[in-house]
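Taken together, the values in this text are just the output of simple stated rules run on the coordinates, not laboratory data. This structure is a prediction, so every number in the text was calculated from the model and none was measured. Glycine gets a Cβ as well: all are built from the backbone with ideal geometry, and neighbour counts include every protein chain shown.
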Amino acid sequence: MSAPPLSRPGPRPVVAFFISLACSAVLLSLLLVTDRRVLQLNRARSEVKQLDGQIVDARRENERLKAEIESARRHELPAEKAAREELNLVSPGDVVLLYPEGTLAPPKPTPAPALKR
């Protein structure tokens, strides 16, 4: 007499379900952890861009202020320049030279009116 052939046990759906559930839980937790890090990374990148913009603005402001300081050291203040050139004001102790009209520059010729045809 021969021994009956060994039969393979049938699939166990309950075991397969729990194995699948465990794998899914592990993958989902990894996804959530990395997704949170990706969000943090995106926030950090946007913050870096914003701060870079602020740095550029601050550097421009520094250059403008340095130019104003240098101008003030050379006594080229914008208010004083406007007062001298536009309002014809002078500082105490300045020597004022008055020239008669037309002696410094030749008079400009007036253009002749164009004839209509």
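Can you classify segment 43-88 as rounded, prolate or oblate using the Cα gyration tensor, where a ≥ b ≥ c are the square roots of its eigenvalues, rounded means a/c under 1.5, and otherwise it's prolate if a/b beats b/c and oblate if not?
Working: a/c = 9.47, a/b = 3.51, b/c = 2.70.
In terms of gyration-tensor shape, prolate.
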message: Quick one: 3J(HN,Hα) in Hz for segment 56-64, Karplus 6.51/-1.76/1.60 with θ = phi - 60°, rounded, Gly and Pro as x.
response: 4, 4, 5, 5, 4, 4, 4, 4, 4
field: Signed unit charges on C-beta, dipole axis of the chain, positive-most listed residue 114, 69, 28
entry: 28
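For every helix of n ≥ 4 consecutive DSSP H residues, a contribution of -39,500 (n - 2.57) applies; sum these over the chain, divide by its total residues, and give [θ] at 222 nm rounded to the nearest 500 deg cm²/dmol.
Values: 2 runs with 69 residues, N = 117.
Mean residue ellipticity, 222 nm, calculated: -21500 deg cm²/dmol.
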- request: Would you mind computing, in nm to one decimal, how far apart the modelled labels at residue 39 and residue 89 are, each placed 7 Å from Cα along Cα→Cβ?
  value: 6.1
Spatially near lysine pairs across the chain, Cα under 27 Å, sequence gap of 8 or more or different chains: 4
Viscosity 1.306 mPa s, temperature 10 °C, Stokes-Einstein D of segment 1-93 from Kirkwood C-alpha radius, µm²/s: 73
